[in-house]
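Enquirer: My questions will all concern the structure given below.
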Amino acid sequence: MTAKERILSLQNEVARHDKLYYQEAAPEISDFEYDRLKTELAQLEAEHPELAQTSPTLKVGDDRLDEFSSFPHAEPMLSLDNTYSQEELFDFDARLKRLLKIEALPYVVEPKIDGVAVSLTYQKGKLIRALTRGNGIQGDDITHNVLTIAAVPKSLSGKDHPDSVEIRGEIYITNAEFERINKEREAEELPLYANPRNLAAGTVKLLDPKETKKRKLSVVFYGLGACEPVLPFAEHAQVHPTLKSWGLPTLEKFWEASGITESWDAIEELDGLREQFTYATDGAVIKLNPLALHTKVGKTAKAPRWAIAYKFAAEQAETLLKDITIQVGRTGVLTPVAELEPVSLAGTTVSRATLHNADEIQRKDIRPGDTIVVEKAGEIIPCVVRVIPDKRSGNSTAYEFPKTCPACNTNAIRLPEEAAWRCPNPSCPPQIRRRILHYASRVAMDIDTLGIAVVDQLTEAQLCNTIADLYTLKEDDLVTLERFAPKSAQNLLKALEDSKANDLWRLVHGLGIPNVGSQSSKDLCKHFTSLEALQHATEADLLTIDGVGPIVAQSILQFFENPANQTLIERLTSYGLNTQAHQQAQGTQTLEGLSFVLTGTLPTLTRDEAKALIEKAGGKVVGSVSKKTDYLLAGEAAGSKLKKAQDLGIKIVDEDQLNQMLAS
């Protein structure tokens, strides 16, 4: 491969990983692997400057999305360079000493929380905006989501704060909250988040703050951006108590160090303490303490020269891969799981790890009997990093992914557009069990007392082979089950009876149509209003709904064309389940069928209040401007959505005009 070809390949690869990390919150490689790619690219571009701009589409570290309005940072919000060894850290110190001609440099060492950078702007002590880092120059407006965080004050405490100030911090999700959410996703057969950082990144970019609030974001602040008037600080260490005095959550611990050796001691102390923290830490941030030196050393285009991040190596361990087993999901997906010789890793005993899919096993050439290296991705989820070939048995053979379902022996299928193999047999026992669990879950029919232990007994006793069988259960059936007294049986039967009156979207979601989640179910039921209308919808009908594309439309059509599903729906209907969308108490539907996008700050209404008024009048609020948008509701400091609406010729209205439309 020529230098030109390698540079182009690396530029495209880095751009792809940037998009996965910053915009989709679904990275495929570790920070170390990512930094290795960027280092190789930088070296090649330095050696061949004439080739450095081969790929003009490369965007590094930009988390902005079209669905959000973007605003400029008053002071650029830079990222940090990373280092992975003591030697590299000491080299950082040596460079600064040479540049500043100072023999010993004082530092501050802070925990590096593995979250999402955020910048809050307060004017006259009032919060006016919260932005992501974006591309460092502009960030996405996530104020509506930040306001769901109880620890974020709408007004700063006291009177001793600047007229205008940017406050920099990190949004994160605690380990306990991460585990809770992943358990819910596992019950729904949704992909699990790899680590708390991915979950936090996805949460801050949700369009509905009600959904954001359910995920319980947390935040901590540790720095300042633009500040007017400038605060009379001499040292960075003064920032922390000042932020705390303003009522902002700050780092629970940081260290002042007189030199790089003391800084290293602090890093080692932090490494020993971080398991006690409620959040994930992936390293330490080392900053020059004197603020005057920040100005002297300056910055590069992407990072300050006065700070660096030291990244802890993920704890790894060797163990034996005893076997690869296959789990069967609700939709028939066959997921490979590594069964390990139990090994201690990051404070817990690990005996299983996900292998994702057949392609992952083939790419890493993972075989039962191998000695492998495992680590906890993001300190939470165990994963197989690599095989140790030198310890492989001489008679080892490549693993062949099973072509039949391990539960029912049906031939597995693999659709061209999917990485997963599936069992197509709807009567497969694990699928039945998981379908019932999904149907009863809080995000679907919300049937109290119908948990895992009960469903296991119902399916093992063959009392329930479909979700419709739930409505044929009798008290005599239930009292034969373990730990089921007449009272508990009556409670379950009442919960099942009550579920018949649920809103239609819950039933549609509970049916388990592939690619149709709770929000899609709500959108479908709002449009079609009855299960019968949804059953008879054409592809063209479905594609008129925002958020329903060709893949989702085909999933819906295939589901309702399946004779077994038709029989299931007939049974549910005959048992008296509600098949009509609940009619919301509504006023005059003056905005019926119209779609709105909101941007900027309105004079008297919050975004939530404006959205509620529009929806009550029959309109719909969507996240991004497109040719299908009818109106852009624009307030003060409208961002990029305003320009896009102008370019597309979308009608632009203000709050007064909206009120006139509502009253007409």
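The values are calculated or read from the model by the stated rules, or taken from the named source; none is laboratory data. Source: prediction; values computed, not measured. A quick note on method: Cβ atoms are made from the backbone with ideal geometry, for glycine too, and the neighbour counts reach across all protein chains shown.
Enquirer: Hand me the list of helices (runs of 4 or more DSSP H) wholly inside the stretch 379-497 holding 2 or more residues that are in contact with a strand residue (DSSP E or B) (Cβ under 9 Å, 6 or more places away or on another chain) and surrounded by 16 or more Cβ atoms within 10 Å (Cβ to Cβ).
Expert: In the stretch 379-497, 429-440 are the helices (runs of 4 or more DSSP H) which contain 2 or more residues that are in contact with a strand residue (DSSP E or B) (Cβ under 9 Å, 6 or more places away or on another chain) and surrounded by 16 or more Cβ atoms within 10 Å (Cβ to Cβ).
Enquirer: When you check Asp31 against the structure, is it surrounded by 16 or more Cβ atoms within 10 Å (Cβ to Cβ), modelled with pLDDT of 75 or more and under 30 Å from Thr132 (Cα atoms), yes or no?
Expert: No; evaluated as a whole, the condition is false for this residue.
Enquirer: Might you let me know whether the stretch 254-267 holds any residue that is surrounded by fewer than 16 Cβ atoms within 10 Å (Cβ to Cβ), over 27 Å from the mean Cα position of the chain (by Cα) and under 22 Å from Ile167 (Cβ atoms)?
Expert: Checked the stretch 254-267: at least one residue is surrounded by fewer than 16 Cβ atoms within 10 Å (Cβ to Cβ), over 27 Å from the mean Cα position of the chain (by Cα) and under 22 Å from Ile167 (Cβ atoms).
Enquirer: Could we say that Glu228 is in contact with a strand residue (DSSP E or B) (Cβ under 9 Å, 6 or more places away or on another chain) and either surrounded by 16 or more Cβ atoms within 10 Å (Cβ to Cβ) or assigned by TED's automatic domain parsing to the domain that holds Asp141 (or both) here?
Expert: Yes; evaluated as a whole, the condition is true for this residue.
Residues checked against (1) in contact with a Lys or Arg (Cβ under 6 Å, 6 or more places away or on another chain); (2) at pLDDT 85 or above; (3) closer than 29 Å to Gln276 by Cα:
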{"position": "Thr148", "(1), (2), (3)": "yes, yes, yes"}
{"position": "Ser157", "(1), (2), (3)": "no, yes, no"}
{"position": "Phe178", "(1), (2), (3)": "no, yes, yes"}
{"position": "Lys205", "(1), (2), (3)": "no, no, yes"}
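Enquirer: Could you list all residues from the stretch 602-615 that are at pLDDT below 80 and buried (at least 18 other Cβ atoms within 10 Å of the Cβ)?
Expert: The one that is at pLDDT below 80 and buried (at least 18 other Cβ atoms within 10 Å of the Cβ): Arg607.
Enquirer: Looking at the structure I just gave you, is Phe233 over 25 Å from the mean Cα position of the chain (by Cα) and surrounded by fewer than 18 Cβ atoms within 10 Å (Cβ to Cβ)?
Expert: Considered against the rule, which asks whether it is over 25 Å from the mean Cα position of the chain (by Cα) and surrounded by fewer than 18 Cβ atoms within 10 Å (Cβ to Cβ), Phe233 comes out as yes.
Enquirer: Against the definition (under 30 Å from Asp271 (Cα atoms), under 25 Å from the mean Cα position of the chain (by Cα) and outside the structural domain of Gln276 (by TED's automatic domain parsing)), how does Val384 come out, yes or no?
Expert: So Val384 fits the description; yes.
Enquirer: Follow-up question, since we're still on this one. Name the residue, out of Glu460, Glu482, Glu475, that is more than 16 Å from Gly329 (Cβ to Cβ) and without any contact (Cβ under 8 Å) to a residue 12 or more places away in the chain.
Expert: Exactly one residue qualifies, and that residue is Glu460.
Enquirer: Further question on the same structure: Please specify each residue of the stretch 263-311 satisfying the condition of being within 20 Å of Val220 (Cα to Cα) and without any contact (Cβ under 8 Å) to a residue 60 or more places away in the chain.
Expert: Asp271, Leu273, Gln276
Enquirer: Here is a further query. I'd like to know if the stretch 648-660 contains one or more residues that are in contact (Cβ under 8 Å) with a residue 40 or more places away in the chain, within 27 Å of Ala537 (Cβ to Cβ) and surrounded by 13 or more Cβ atoms within 10 Å (Cβ to Cβ).
Expert: No, every residue in the stretch 648-660 fails to be in contact (Cβ under 8 Å) with a residue 40 or more places away in the chain, within 27 Å of Ala537 (Cβ to Cβ) and surrounded by 13 or more Cβ atoms within 10 Å (Cβ to Cβ).
Enquirer: Same structure, new question: If a residue counts only when it is among the basic types (Lys, Arg) and more than 16 Å from Asp114 (Cβ to Cβ), which strands (runs of 3 or more DSSP E) contained entirely in the stretch 197-294 have at least 1 such residues?
Expert: Where strands (runs of 3 or more DSSP E) fall fully within the stretch 197-294 and carry at least 1 residues being among the basic types (Lys, Arg) and more than 16 Å from Asp114 (Cβ to Cβ), they are 281-288.
Enquirer: Scan the stretch 623-642 and give yes if some residue there is outside any loop (DSSP other than H, G, I, E, B) and within 30 Å of Leu511 (Cα to Cα), otherwise no.
Expert: Checking the stretch 623-642: not a single residue is outside any loop (DSSP other than H, G, I, E, B) and within 30 Å of Leu511 (Cα to Cα).
Enquirer: Something else about it: Quick check: is even one residue across the stretch 330-343 without any contact (Cβ under 8 Å) to a residue 24 or more places away in the chain and either surrounded by 14 or more Cβ atoms within 10 Å (Cβ to Cβ) or in contact with a Gly (Cβ under 6 Å, 6 or more places away or on another chain) (or both)?
Expert: Yes, the stretch 330-343 contains at least one residue that is without any contact (Cβ under 8 Å) to a residue 24 or more places away in the chain and either surrounded by 14 or more Cβ atoms within 10 Å (Cβ to Cβ) or in contact with a Gly (Cβ under 6 Å, 6 or more places away or on another chain) (or both).
One line per residue, one yes/no per condition, for (1) under 30 Å from Leu415 (Cα atoms); (2) modelled with pLDDT under 90:
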position	(1), (2)
Glu268	no, no
Ala313	no, yes
Ile326	yes, no
Leu334	yes, no
Glu339	yes, no
Thr354	yes, yes
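Enquirer: Among the residues of the stretch 270-306 satisfying the criterion of being at pLDDT 90 or above and closer than 30 Å to Tyr193 by Cα, which is surrounded by the fewest Cβ atoms within 10 Å (Cβ to Cβ)?
Expert: Applying the filter and picking the extreme gives Val285.
Enquirer: Would you check if Lys154 is free of Cβ contacts under 8 Å to residues at least 40 places away in the same chain and either basic (Lys, Arg) or in contact with a Cys (Cβ under 6 Å, 6 or more places away or on another chain) (or both)?
Expert: yes
Enquirer: Which one of these is modelled with pLDDT of 90 or more and surrounded by fewer than 15 Cβ atoms within 10 Å (Cβ to Cβ): Gln519, Gln566, Gln535?
Expert: Only one candidate passes the filter, namely Gln566.
Enquirer: To continue, here is another question. Do any helices (runs of 4 or more DSSP H) entirely within the stretch 82-189 hold 1 or more residues that are surrounded by 19 or more Cβ atoms within 10 Å (Cβ to Cβ), assigned by TED's automatic domain parsing to the domain that holds Ser263 and under 21 Å from the mean Cα position of the chain (by Cα), and if so, which?
Expert: Hits in the stretch 82-189: 143-146, 175-187.
Enquirer: For the stretch 587-616, which positions are polar (S, T, N, Q) and within 27 Å of the chain's Cα centre (by Cα)?
Expert: Once the filter is applied, which keeps residues that are polar (S, T, N, Q) and within 27 Å of the chain's Cα centre (by Cα), the stretch 587-616 yields Ser595, Thr599, Thr601, Thr606.
Enquirer: Counting only residues that are in a loop (DSSP other than H, G, I, E, B) and under 18 Å from Leu632 (Cβ atoms), which one in the stretch 65-81 is modelled with the highest pLDDT?
Expert: Out of the qualifying residues, it is Ser69.
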